[in-house]
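The values are calculated or read from the model by the stated rules, or taken from the named source; none is laboratory data. Here the structure is a predicted model, which means the values were calculated and not measured. Methodologically, a virtual Cβ is constructed for each residue, glycine included, from the backbone with ideal geometry; neighbour enumeration extends over all protein chains shown.
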Amino acid sequence: MHLQLTHLRLYNFKNYSSSKFEFSPEINCFTGLNGSGKTNVLDAIYYLCFTKSYFQNQDVVNILTHENELSINGTFIKSNNTENVQLIVQKGSKKKLKLNNNEYTKLADHIGLFPLVIIAPNDIYLIHEGSEERRKFIDSFIAQFDKIYLTNLIQYNRALEQRNACLKSFFETHYFDENLINNYNEKLILHGSYIFDKRKEFIADFEPLFLKYYTKISSNSDSVSLKYESELYNENFSNLLINNIKNDQAAQRTTKGIHKDDLIFEINNSPLKKMGSQGQQKSFIIALKLAQYEYLKNKTSIKPLLLLDDIFEKLDNNRLAIILNMIGEDNFGQIFISDTDKKRLEEMFKNLQAKIKYFEINNGTLVAST
């Protein structure tokens, strides 16, 4: 199935007051100095697909300074049908998302309609930050092709939040309601067990793809592994919650469950975080994302949009050439790339038989497109 973003219109988004873009169906390159707004265009595309920013947790910080509202408008072609997506963020109001002028009542219903994979410098946080970042990676990925997973995840997080509020209340009032806790336990077990099974199934299917890409990028120079870590492998979820209730009461939060799961990254049988070089870590992340792309393509029968934000730094020429060769193959659909050096991009793509369009960005303004 074909997916393409043909037009993008930005109003008061980050450092753009008003800009329009018309894209190539194949490769689109954004060039300009650091801070000019290249990455902001990629983030706007991500926003249209995921209903949120890839780089900011709060929507209002994306509104242009001194303005009260932003909007992002995108026109997609999906299976020969034209689809219009509009996102509006107003200060003091609820975020709005419309598909073909029909406003969503639940933003979650939009997830997965326009599959996308992004590779960005801050993805290195997957290695260096806590387990929450890696869970987000799994969850946002699976949610693109499994609506039931997303529903269970939303319900689990809601029950977790309510259980934690009860534990805090019990601590403050010195009163414990066992029936209420059991009620939330049942919800956590119901939704959490589904999530655990799907994560386990996903990693088993996903790791071979990841290993294939890492082997290509590293020219088979390292041994890497990707493991799913969960306490549910060793103990029944119900017993886990019951046996840890005293600890939960003392901590005023739920200390055990699938919200504590993790992905373990290793290189040559050692932690990637400690033993991997900068180049190895970046190759690991890129392999992870390219495997994500292929997995998503296989699951949805759609070639997702691929966003590459400033990924060409800190990669040696050999690894860079391998990645570019893969991009040049017909395995990928529409691609969006940001880089500070237009000449570098032109040199990299000179032998590529593809429709390439360059957009020169300066301080939130599209200066030229060729």
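If residue 164 satisfies all but one of (1) closer than 27 Å to residue 336 by Cβ; (2) at pLDDT 95 or above, what's the number of the condition it fails?
Failed condition: (1).
Which one is nearest to residue 353 (Cα to Cα) among residues in the stretch 1-26 that are buried (at least 19 other Cβ atoms within 10 Å of the Cβ) and of a type in the set (Phe, Trp, Tyr)?
If we take residues in the stretch 1-26 being buried (at least 19 other Cβ atoms within 10 Å of the Cβ) and of a type in the set (Phe, Trp, Tyr), then 23 is nearest to residue 353 (Cα to Cα).
Is it the case, given these coordinates, that residue 332 is surrounded by 13 or more Cβ atoms within 10 Å (Cβ to Cβ), outside the structural domain of residue 190 (by TED's automatic domain parsing) and at negative phi?
Criteria met by residue 332.
Return yes when residue 102 is on the phi > 0 side of the Ramachandran plot, over 24 Å from the mean Cα position of the chain (by Cα) and either β-branched (Val, Ile, Thr) or in the same structural domain as residue 308 (by TED's automatic domain parsing) (or both) and no when it is not.
No; evaluated as a whole, the condition is false for this residue.
Just checking, which of 127, 63, 77 is more than 22 Å from residue 20 (Cα to Cα) and among the β-branched types (Val, Ile, Thr)?
The conditions single out 127.
Do we find that residue 302 is crowded, with 19+ Cβ neighbours inside 10 Å, modelled with pLDDT under 85 and touching a Pro at 6+ places or on another chain (Cβ under 9 Å) in this structure?
No, not satisfied.
For (1) out of contact with any Ser or Thr (no Cβ under 6 Å at 6 or more places or on another chain); (2) at positive phi; (3) part of a helix (DSSP H, G or I); (4) of a type outside the set (Lys, Arg), each residue gets a yes or a no:
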{"site": "182", "(1), (2), (3), (4)": "yes, no, yes, yes"}
{"site": "188", "(1), (2), (3), (4)": "yes, no, yes, yes"}
{"site": "199", "(1), (2), (3), (4)": "yes, no, yes, no"}
{"site": "206", "(1), (2), (3), (4)": "yes, no, yes, yes"}
{"site": "217", "(1), (2), (3), (4)": "no, no, yes, yes"}
{"site": "220", "(1), (2), (3), (4)": "yes, yes, no, yes"}
{"site": "259", "(1), (2), (3), (4)": "yes, no, yes, yes"}
{"site": "265", "(1), (2), (3), (4)": "yes, no, no, yes"}
{"site": "285", "(1), (2), (3), (4)": "yes, no, yes, yes"}
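State all residues of the stretch 152-211 that are closer than 26 Å to residue 285 by Cβ and either surrounded by 19 or more Cβ atoms within 10 Å (Cβ to Cβ) or among the hydrophobic types (A, V, I, L, M, F, W, C) (or both); if no residue qualifies, say none.
153, 195, 196, 199, 202, 203, 204, 206, 209, 210, 211
Taking the conditions exactly as written (surrounded by fewer than 21 Cβ atoms within 10 Å (Cβ to Cβ), within 21 Å of residue 224 (Cβ to Cβ) and of a type in the set (D, E, K, R)), does residue 274 satisfy them or not?
So residue 274 passes the test.
Among the strands (runs of 3 or more DSSP E) confined wholly to the stretch 296-364, which include 1 or more residues that are of a type in the set (Ser, Thr, Tyr) and farther than 26 Å from residue 219 by Cα?
Strands (runs of 3 or more DSSP E) meeting the threshold: 356-362.
Sort out which residues of the stretch 30-78 are in a loop (DSSP other than H, G, I, E, B) and not polar (S, T, N, Q), and write them in order of number.
Once the filter is applied, which keeps residues that are in a loop (DSSP other than H, G, I, E, B) and not polar (S, T, N, Q), the stretch 30-78 yields 32, 33, 35, 37, 52, 54, 55, 59, 64, 66, 67.
Name every residue in the stretch 108-157 that is under 21 Å from residue 41 (Cα atoms) and not in a loop (DSSP other than H, G, I, E, B), in order of residue number.
Once the filter is applied, which keeps residues that are under 21 Å from residue 41 (Cα atoms) and not in a loop (DSSP other than H, G, I, E, B), the stretch 108-157 yields 110, 116, 117, 118, 119, 121, 122, 123, 124, 140.
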